[in-house]
Amino acid sequence: MQTIAVLTSGGDAPGMNAAIRSVVRYGVHKELKVLGIRQGYEGLLNAEIEEMNLSSVADIIHRGGTKLRSARSERFKTPEGLRKALNVINIFNIDGLVVIGGDGSFRGAQVLSENGVPTVGLPGTIDNDLAYTEYTIGFDTAVNTALDAIGKIRDTSTSHGRANIIEVMGRDCGDLALHAGLAGGAESIIVPEIPFDVDRVCNKLLQGRNRGKLHSLIVLAEGAGNAIDLGKQIQEKTGIETRATILGHIQRGGTPTAKDRVMASQMGAKAVELLLEGKESVAVGMRGTKVISMPIKEALALENEMEKETYDLADILSK
Ligand code: F6P
């Protein structure tokens, strides 16, 4: 193994830069040539590739976004796209590839490895929706960003005695809503994995009001519904004035937390180690404080499970 390359793909996530830095600097430490591919698989097809060195990743560990930029490439999914990608990999003598991204990016990584390119996937997504790992890079920062917003909305919710619905990202996964909602003391947390009953949400809200609660916070995962529609329903059923806030892409940016930087650094180095060990198709993840790895195919086959105990606890505590 002489030359490795790294790319970030799919939705960006805070901490991706720390992961890139780790792959590049650990690769250089192991005397490898390290190439950076811009704009994910799309950039691979366009051969947007440059050699990286220690200085190319200076001053990025604390920055949100991804220095290598990102894209969701439809072209790469076609047979023609794959042929082109393999050709570029060949021209640049890439012996191993590190893909930082979510499940869509991992599927691309798997296809490349099936076609003879040793590939390691690093979980980079704010959604925390990859079942094989307890943690994905960007999740902690996104939770804290959502939490900051929830805290601010709590202030105005109290002042006006309203019910505020806060919609967070996460695609089909409720982890971001659950963690931000629990940490923010939300009265109700609505996630795609667990069916919800709007009457129960309303009853809880009214019980809180009867106890003299002034604010009401309902955290809704985007995969479970729409904040504006839910707000209208709640207002009709309870007579309490509602406001909806969709946090949107604010959750994808910002300075990564220490946790995201540390885990990204650990997993980035592990990716390089695995390529040097001759692994051909592996996903790197975290279980507790341990860095783990498993075949990408197996990782993608696992079903993501909701943290039911945490959900139930949040429900009990949010009286
Ligand atoms: O996967 C990350 C994510 O931010 C999801 O939470 C969200 O549903 C999606 O990406 C939004 O994608 P885009 O930035 O392409 O609109």
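No value in this document is a laboratory result; all are computed from the given coordinates. Since we're looking at a predicted model, the values are computed, not measured.
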- Task: Taking amide H positions as placed in the peptide plane 1.01 Å from N, state which residues far from residue 246 in sequence (5 or more) or on other chains have amide H under 5 Å from it.
- Result: 167
- Shape of the stretch 127-258, Cα gyration tensor, a/c cut at 1.5: prolate
- Message: I need the shape label for the chain. Rule: rounded when a/c is under 1.5, else prolate if a/b > b/c, else oblate, with a, b, c from the alpha carbon gyration tensor.
- Response: prolate
- Where a ≥ b ≥ c are the square roots of the eigenvalues of the C-alpha gyration tensor, would you call the stretch 139-209 rounded, which needs a/c under 1.5, or, failing that, prolate if a/b is larger than b/c, or oblate? oblate
- Message: Exceeding 18 Å between C-alpha atoms, which entries from my cross-link table qualify? They are 270/290; 84/297; 213/308; 30/259; 152/237; 67/279.
- Response: 84/297; 213/308; 30/259; 152/237; 67/279
- Item | Distance from the stretch 85-110 to the stretch 58-77 (C-alpha centre basis), Å | 14 Å
- Item | Anchor residue 232: lysines whose Cα lies under 17 Å away (excluding residues fewer than 8 positions away in-chain) | 204
- Task: For the chain, set up a Gaussian network in which alpha carbons nearer than 10 Å are linked by springs, and say which option among 275, 302, 182 fluctuates the most.
- Result: 302
